[in-house]
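*Asks:* After the structure tokens below, expect a handful of questions from me.
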Amino acid sequence: MDQQVKRVKRELLRKGAILDIYTDTMELPNGKTEEWDFISHRMGAAAVVPVREDGKILMVRQYRNAIERMTLEVPAGSRDSVTEDTKICAARELEEETGYCSDNLTKLLSLKTTVAFCNEFIDVYLARDLKPGKQHLDEGEFIDVEAYDVEELCRMIYEGKLQDAKTVSAILAYKNLLNEEQKQK
């Protein structure tokens, strides 16, 4: 079925630091119009799965206002500009949030976080050969760094304890990579 949906108007409701919120007037295939919400994430983002030499993954625990609780996530953050390479962003966020650096970053996947109403994308990288450095948190960031093995994290995903989409995607992509690497041995 060819569904012709057309935006006939976009109205800016609020301009934020990295997000703009719009109301879109959409013409539907049946000729009727509806208003849809749209959030434009101007920068895009990067996330990283930092794996220590012992195989444990560094995770960050922080408060998230949208869900009013602490979460356990892979390190991530927005690009500094629309032209910043996401690999550079991932390396920066790794050091800022965990205090570790890596020259060995490999792209795992790209994802769109919430396609129903937002255009945010996140490129997810794997970081190996970690070197200790110094955590550089932003003024409003309060982050604890914790280490888990991939099986623990997968269990948390399936128990509903890890629900952040980028984190779930990142951990499952890494687990799949480990399985593929094992098959090749």
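The values are calculated or read from the model by the stated rules, or taken from the named source; none is laboratory data. Given the structure is predicted, the values throughout are model-derived calculations rather than measurements. Reconstructed Cβ throughout: ideal geometry from the backbone, glycine too, with neighbour counts over all protein chains shown. These area figures cover heavy atoms from the full protein model, side chains too; ligands, DNA and RNA do not enter into them. Shrake-Rupley method; radii C 1.70, N 1.55, O 1.52, S 1.80 Å.
*Asks:* Identify all residues within segment 56-67 that are in contact with a Leu (Cβ under 9 Å, 6 or more places away or on another chain) and either farther than 18 Å from Q135 by Cα or basic (K, R) (or both); write none if there are none.
*Replies:* The answer is R61, and nothing else.
*Asks:* Which condition does V51 not pass, out of (1) open to solvent by 20 Å² or more (accessible area, probe 1.4 Å); (2) more than 15 Å from the chain's Cα centre (by Cα); (3) in contact (Cβ under 8 Å) with a residue 24 or more places away in the chain, if it passes all the others?
*Replies:* Single failed check for V51: (1).
*Asks:* Could you list all residues from segment 114-140 that are charged (D, E, K, R) and closer than 20 Å to T86 by Cβ?
*Replies:* Answer for segment 114-140, where residues must be charged (D, E, K, R) and closer than 20 Å to T86 by Cβ: E120, D123, R128, D129, D138.
*Asks:* What about R14, is it of a type in the set (K, R) and either buried (at least 16 other Cβ atoms within 10 Å of the Cβ) or in contact (Cβ under 8 Å) with a residue 60 or more places away in the chain (or both)?
*Replies:* no
*Asks:* Next question. Taking interchain pairs and intrachain pairs at least six residues apart, which have beta carbon atoms under 9 angstrom, with the first residue in segment 103-121 and free of Cβ contacts under 8 Å to residues at least 40 places away in the same chain and the second hydroxyl-bearing (S, T, Y)?
*Replies:* T106/Y125; K107/T86; K107/Y125; S110/T86
*Asks:* Right, another one. Among the strands (runs of 3 or more DSSP E) confined wholly to segment 67-185, which include 2 or more residues that are open to solvent by 50 Å² or more (accessible area, probe 1.4 Å), in contact with an Asp or Glu (Cβ under 7 Å, 6 or more places away or on another chain) and within 26 Å of L19 (Cα to Cα)?
*Replies:* Qualifying strands (runs of 3 or more DSSP E): 104-112.
*Asks:* If you don't mind, there's one more thing I want to ask. Quick one: in segment 54-66, which of the residues that are more than 17 Å from L137 (Cα to Cα) and surrounded by fewer than 21 Cβ atoms within 10 Å (Cβ to Cβ) is farthest from the chain's Cα centre (by Cα)?
*Replies:* D54
*Asks:* G44 is checked against (1) on the phi < 0 side of the Ramachandran plot; (2) modelled with pLDDT under 95 and fails just one. What number does that condition carry?
*Replies:* (1)
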